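The values are calculated or read from the model by the stated rules, or taken from the named source; none is laboratory data. These numbers come from a predicted model, not from an experiment. Cβ coordinates were reconstructed from backbone atoms using ideal geometry, including for glycine residues, and neighbour counts include every protein chain displayed.
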Amino acid sequence: MITVLGLGFVGLTTALGFSKKGFKVYGIDVNEARMAKIRQYEVPFYEPHLDEVLREELGQNFVIDAPLAEAVNDSKVIIICVGTPGNADGSANLTYLLDAVKQVFEASEGDFKVIVTKSTVPPSTVSEKVKPVVDELNRQYNKPVGLASNPEFLREGYAWDDFMNPDRVVIGVEDEQSKELLNQIYLPFNAPVHYVSYNSAEFIKYLSNTLLSTLISFSNEMSMIAEHIGNIDVPSAFKILHQDKRWTGAPASMASYVYPGCGYGGYCLPKDTAALSSIAREHGFEAKILDGNLRINEEIMEHKANQIMQAATPESRIGILGLAFKSGSDDVRLSPSKFIIEKLLAKGYTNIVAYDPMANEVFAHEYNLPISYANTLEELVGQADELVLLTSWSEFKQNKQLLNSKRLFDFRYALAEPLTQSPTVQAS
């Protein structure tokens, strides 16, 4: 039996994944609007495949609306997937996580259980900030509760396959009883499981995310240097870089990150890069590459906004193509589109219309900016004087002729011509 606390992107995917593998899973969330949608078999965010799995599993192996005490006491593993938002200084806010830990202790009775933190937190958080709380609660309540860290490696848009077919499972655990329970629940996945220290588990998660964010910023810095030098075909240069055989180990490999654009957004990369830099400072080390990474991410968005303003007048009707931070998702958190639109608005470019195949409503609700929205790509192109492509949706790539009917700022290089290769020369 498993309880999952927090049914957002990670939590709901986790709960449905274990349910699909045959475990009885309790799902609990304090967000009533989110729970109301789940009760109606609606996934409260866009993620392919989850809607059909929810219809299959809800009321079967997946149970919601059970009291917390019932869920906790009918479970051996309690997985915490609550938010750990970033503070102003880049550190992780642990309020929701620690509150969830305390609630588990208050509800727990009887046999040994393990609390598993799946919420993303910087290295040393569990050992230095969560474990002392757990140890104190163990003394206070005298209840047998273990602790583990089990970071997620889910890509938005591919979360279901990533969870059901993991390339690796990382578990930070420092007692054998907790390790045995976690071994049982991951056995059906037939994936390599790495048991490491709490700090190592958290570090591996941040190692992954900060590598990706660093590669994106590296590419954007290179593109700005190329533009300042001049006479450099930026997209072709990067596509030739990708022909190095070390980049071709898997489909959608690292080449999708080492490619310039207009900055990274979403929940993970900005927050985790800032958090790792913050935790490094706490431990007496100045993370210059990570700090530079974050600065470059701000500078590339500033740079792109300035390029628009150098070419277009404030009276121009600016058409924004894409609001989500990446294609295949309706996630608009820290989207480069938000920054660039706000920069334009602040400089008097108030005639802005936007279109995203999936994120119009989410963006309008989240940010309430004084812009208008088009319902179709054709509608946006018809209204706009200038087009600014900020998200690499396939719909945009498939309508190259339409988009090129106006001046286009392709800040994702999404419409760049495919690289033509010379025939292979055969050795004589």
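Give the residue that is surrounded by the fewest Cβ atoms within 10 Å (Cβ to Cβ), with candidates limited to residues of segment 225-237 that are in contact (Cβ under 8 Å) with a residue 24 or more places away in the chain and out of contact with any helix residue (DSSP H, G or I) (no Cβ under 6 Å at 6 or more places or on another chain). Only one residue tops the list, namely Ser236. Residue selection: Ala250 fails the criterion of being in the same structural domain as Ser337 (by TED's automatic domain parsing), in a helix (DSSP H, G or I) and modelled with pLDDT under 90. Here Ser277 clears all of (1) under 19 Å from the mean Cα position of the chain (by Cα); (2) farther than 28 Å from Val362 by Cβ; (3) part of a loop (DSSP other than H, G, I, E, B) except the condition numbered (3).
Each residue in segment 206-215 was checked for being touching a residue at least 40 places away in the same chain (Cβ under 8 Å) and over 14 Å from the mean Cα position of the chain (by Cα), and 2 pass.
The residue pairs whose first member lies in segment 401-412 and is in contact (Cβ under 8 Å) with a residue 60 or more places away in the chain, whose second member is of a type in the set (Gly, Ala, Ser), and whose beta carbons are closer than 7 Å, counting only pairs six or more residues apart or on different chains, are Lys406/Ala384; Phe411/Gly261; Arg412/Gly261; Arg412/Ser392.
Looking at the structure I just gave you, is Glu221 farther than 19 Å from Asp291 by Cα and among the acidic types (Asp, Glu)? Outline the logic, then answer.
Numbers: farther than 19 Å from Asp291 by Cα: no; among the acidic types (Asp, Glu): yes.
No, not satisfied.
Does Ser256 count as closer than 24 Å to Asn375 by Cα, hydroxyl-bearing (Ser, Thr, Tyr) and at pLDDT below 95? Answer is no for this residue.
Consider Asp89 carefully, then state whether it is part of a loop (DSSP other than H, G, I, E, B) and either touching a residue at least 12 places away in the same chain (Cβ under 8 Å) or within 20 Å of the chain's Cα centre (by Cα) (or both). Answer is yes for this residue.
Just one residue in the set Ala280, Ala274 is at pLDDT below 90 and surrounded by 13 or more Cβ atoms within 10 Å (Cβ to Cβ); that residue is Ala280.
Checking the condition outside the structural domain of Ala159 (by TED's automatic domain parsing), among the hydroxyl-bearing types (Ser, Thr, Tyr) and over 23 Å from Met309 (Cβ atoms), which residue from Ser372, Ser329, Ser335, Ser405 passes? Write out each step before concluding.
Working: Ser372 fails: over 23 Å from Met309 (Cβ atoms); Ser335 fails: over 23 Å from Met309 (Cβ atoms); Ser405 fails: over 23 Å from Met309 (Cβ atoms).
Checking each option against the conditions leaves just Ser329.
When Tyr46, Tyr41 are checked against the criterion of being among the hydroxyl-bearing types (Ser, Thr, Tyr) and either surrounded by fewer than 17 Cβ atoms within 10 Å (Cβ to Cβ) or touching a Cys at 6+ places or on another chain (Cβ under 8 Å) (or both), a single residue qualifies: Tyr41. Restricting the search to helices (runs of 4 or more DSSP H) fully inside segment 1-70 and requiring at least 2 residues that are within 17 Å of Thr117 (Cβ to Cβ) gives 9-20. Among the residues here, Glu315 qualifies as part of a loop (DSSP other than H, G, I, E, B) and surrounded by fewer than 16 Cβ atoms within 10 Å (Cβ to Cβ).
When you scan segment 79-118, how many residues do you find that are touching a helix residue (DSSP H, G or I) at 6+ places or on another chain (Cβ under 9 Å) and farther than 17 Å from Thr273 by Cβ? I'd like the intermediate steps shown before the answer.
Looking only at segment 79-118, we keep the residues that are touching a helix residue (DSSP H, G or I) at 6+ places or on another chain (Cβ under 9 Å), and these are 79-87, 89-92, 94, 97-98, 101-118.
The next check asks that each one be farther than 17 Å from Thr273 by Cβ; those that pass are 79-83, 94, 97-98, 101-118.
Number satisfying all stated conditions: 26.
Report yes if some residue within segment 56-71 is closer than 30 Å to Asp356 by Cα, surrounded by 16 or more Cβ atoms within 10 Å (Cβ to Cβ) and not assigned by TED's automatic domain parsing to the domain that holds Ala359; otherwise report no. No - not one qualifying residue is present in segment 56-71.
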